[in-house]
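Asker: Just dropping this structure here.
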Amino acid sequence: MTATSKTRASSGNSPLRITFTAPVLSRLRARVRAWAADARLPTERCEEFVLAVDEVAANAVLHGGGHGVLTMHEHCSALHCRISDQGPGFAGRTAAPATCAATTAESGRGLWMVQQLTDHLDITTNTQGTTVTIAVALPTPRPHRCRPPRTRRRGRSVTASGRASWPLTAGSVFAMRAGAVIGSTRARRARRSSPRC
């Protein structure tokens, strides 16, 4: 099993590329599990994703010449996994079956299960082989709770919410104190001039 990393993805995970054969499927599952966990996929969803990847990889080994290539990357808040092989494909089928095969059937349940466990399943078959792409959505990140940035505009600060607040300078502090003193003086005078009962 070989792995090559490319440019950094947005989650901090490098895109993953692994060439695999039957003896290394267990190590493939471990690498996919660790990669998906690093990409913040919740534990239960991660196990479902690993099961779906394992099913497609086993199909590639069984029907695709004994080996395959797995590539994984994160895009648009989803994990995408593409498994390619050089096999003949699924006899003209480009979609998973709509219903599960009978329990007595020897095959036919794998792609149905993959479709149930993932958010997206795409099958492409051509003369060079078969490519199965699956994807699962990542949970939406919680917004950061921080104060909105302030920008200066014409001598005052304006918050992102649009509220203006005047900067405190020595003059503005004096004006505020003076206003308070003037206001309290006027209130005292009003009380003195009002007739007492």
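The values are calculated or read from the model by the stated rules, or taken from the named source; none is laboratory data. Keep in mind it's a predicted model, so treat the numbers as computed, not measured. Cβ placement follows ideal geometry from the backbone for every residue including glycine, while neighbour counts extend to all protein chains displayed.
Asker: I need every pair where a residue in the range 31-44 that is outside any helix (DSSP H, G or I) has its Cβ under 8 Å from the Cβ of a residue that is among the hydroxyl-bearing types (Ser, Thr, Tyr), sequence separation at least 6 or different chains.
Answerer: Correct list of pairs: Ala39/Ser11; Arg40/Ser11.
Asker: Quick check on Glu74: is it within 16 Å of the chain's Cα centre (by Cα), part of a helix (DSSP H, G or I) and modelled with pLDDT of 80 or more?
Answerer: no
Asker: Now for a different question. Looking at the range 49-71, which of its residues are outside any loop (DSSP other than H, G, I, E, B) and either farther than 18 Å from Arg31 by Cβ or more than 26 Å from the chain's Cα centre (by Cα) (or both)?
Answerer: Result: Ala58, Asn59, Ala60, Val61, Leu62, His63, His67, Gly68.
A quick yes/no check of all residues on (1) at pLDDT 90 or above; (2) surrounded by fewer than 13 Cβ atoms within 10 Å (Cβ to Cβ); (3) not assigned by TED's automatic domain parsing to the domain that holds Ile18:
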{"site": "Glu55", "(1), (2), (3)": "yes, no, no"}
{"site": "Gly65", "(1), (2), (3)": "no, no, no"}
{"site": "Ile83", "(1), (2), (3)": "yes, no, no"}
{"site": "Gln115", "(1), (2), (3)": "yes, no, no"}
{"site": "Thr133", "(1), (2), (3)": "yes, no, no"}
{"site": "Arg145", "(1), (2), (3)": "no, yes, yes"}
{"site": "Arg154", "(1), (2), (3)": "no, yes, yes"}
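Asker: Pull out all pairs, ordered by first then second residue, where Cβ-Cβ is under 6 Å, the residues are six or more apart or on different chains, the first lies in the range 113-140 and is in a loop (DSSP other than H, G, I, E, B), and the second is of a type in the set (Val, Ile, Thr) and crowded, with 18+ Cβ neighbours inside 10 Å.
Answerer: Thr118/Ile134; Thr118/Val136; Asp119/Val136
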